[in-house]
1. Just checking, which of B:Tyr32, B:Tyr25, B:Tyr36 is more than 26 Å from A:Asn30 (Cα to Cα), within 14 Å of another protein chain (Cβ to nearest Cβ) and surrounded by 14 or more Cβ atoms within 10 Å (Cβ to Cβ)?
2. Kindly list, by first and then second residue, each pair from a residue in the range A:17-41 that is basic (Lys, Arg) to a residue that is not in a strand (DSSP E or B), limited to pairs with Cβ atoms under 8 Å and residues at least 6 apart or on different chains.
3. Tell me yes or no: at least one residue of the range B:7-15 is within 12 Å of chain A (Cβ to nearest Cβ) and in a strand (DSSP E or B).
4. Do we find that A:Thr115 is assigned to a strand (DSSP E or B) and more than 12 Å from every other protein chain (Cβ to nearest Cβ) in this structure?
5. Inspect all residues belonging to the range A:38-48 and state whether any of them is within 9 Å of chain B (Cβ to nearest Cβ), assigned to a loop (DSSP other than H, G, I, E, B) and at positive phi.
6. Mind listing whichever residues of the range B:46-105 are in contact with a Gly (Cβ under 8 Å, 6 or more places away or on another chain) and among the charged types (D, E, K, R)?
7. Anything in the range B:41-84 that is in a loop (DSSP other than H, G, I, E, B) and either hydrophobic (A, V, I, L, M, F, W, C) or in contact (Cβ under 8 Å) with a residue 24 or more places away in the chain (or both)? List them, or say none.
8. All but one of (1) under 22 Å from B:Ala86 (Cα atoms); (2) under 13 Å from the mean Cα position of the chain (by Cα) hold for A:Gly3; state the number of the condition that does not hold.
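Just so you know, all these numbers are worked out from the coordinates, no wet-lab data involved. These numbers were taken from a predicted model, which means no experiment stands behind them. For neighbour counting, all protein chains shown are included, and Cβ atoms are generated from backbone atoms with ideal geometry for every residue, glycine included.
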Amino acid sequence: DTGVSQDPRHKITKRGQNVTFRCDPISEHNRLYWYRQTLGQGPEFLTYFQNEAQLEKSRLLSDRFSAERPKGSFSTLEIQRTEQGDSAMYLCASSLGNRDRGLGALHFGNGTRLTVT
Amino acid sequence: QQQVKQSPQSLIVQKGGISIINCAYENTAFDYFPWYQQFPGKGPALLIAIRPDVSEKKEGRFTISFNKSAKQFSLHIMDSQPGDSATYFCAARRREGSTLGRLYFGRGTQLTVWP
């Protein structure tokens, strides 16, 4: 399967703990996105990278959140001092950013479901 | 503020019927309108997409109708099947600057197709 891969699929953590999620995009995709989805809502944009450069961050991404894509391949999303309100599905997506045909065609992984107790 | 407004929130259709989901937007800078399908426990998957220079796009049983002047677009699923039961999201993308590629999603429509 050459789709977007996310790990772990599920994470349960206690409030105040730090968590880190990993995303492996489709190999030839240079753009990588993080979205958050809560129950009954559509995905909400958090941040995105073109290669290793983080080009935009949403206001939803508080100081407790940090994302990296060190070599322009996989990415990590870390949440420090987790709060109950962080409980959500964290989705990673990738796309081709250098061809008009690929723009907007985001390919999503199956997400990491975070539960903060 | 919701950039893309989607309705209805839920939809029940009999097998073989037509499912219609509607979306509306205000931002005229949007230039790409995809629809995503999501099954429980899975990420959203691209279903079909349209650009504002055409009024309709059809792929198999799925059709997008686009009304640029009204700033509305809709998804029609013909001959709906139980396997189509899923949550559907409309989305939109702005064309300019560093936000290129970022999608704004509607809140979703949960479709149930009864056999």
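1. Going through B:Tyr32, B:Tyr25, B:Tyr36 in turn, just one is more than 26 Å from A:Asn30 (Cα to Cα), within 14 Å of another protein chain (Cβ to nearest Cβ) and surrounded by 14 or more Cβ atoms within 10 Å (Cβ to Cβ): B:Tyr25.
2. A:Arg22/A:Phe74; A:Arg31/A:Leu96; A:Arg31/A:Gly97; A:Arg31/B:Gly101; A:Arg36/A:Pro43; A:Arg36/A:Leu60
3. Looking through the range B:7-15, at least one residue is within 12 Å of chain A (Cβ to nearest Cβ) and in a strand (DSSP E or B).
4. yes
5. Going through the range A:38-48, the residues within 9 Å of chain B (Cβ to nearest Cβ) turn out to be A:40-45, A:48.
Right, trim to assigned to a loop (DSSP other than H, G, I, E, B) and you get A:40-43.
Then keep just the ones that are at positive phi; that gives A:40.
Among the residues of the range A:38-48, at least one is within 9 Å of chain B (Cβ to nearest Cβ), assigned to a loop (DSSP other than H, G, I, E, B) and at positive phi, which makes the answer yes.
6. B:Asp79, B:Arg93
7. If the condition is that a residue be in a loop (DSSP other than H, G, I, E, B) and either hydrophobic (A, V, I, L, M, F, W, C) or in contact (Cβ under 8 Å) with a residue 24 or more places away in the chain (or both), then B:Pro44, B:Val54, B:Ala70, B:Lys71, B:Met78, B:Asp79, B:Ser80, B:Gln81 are the ones that fit.
8. Exception for A:Gly3: condition (2).
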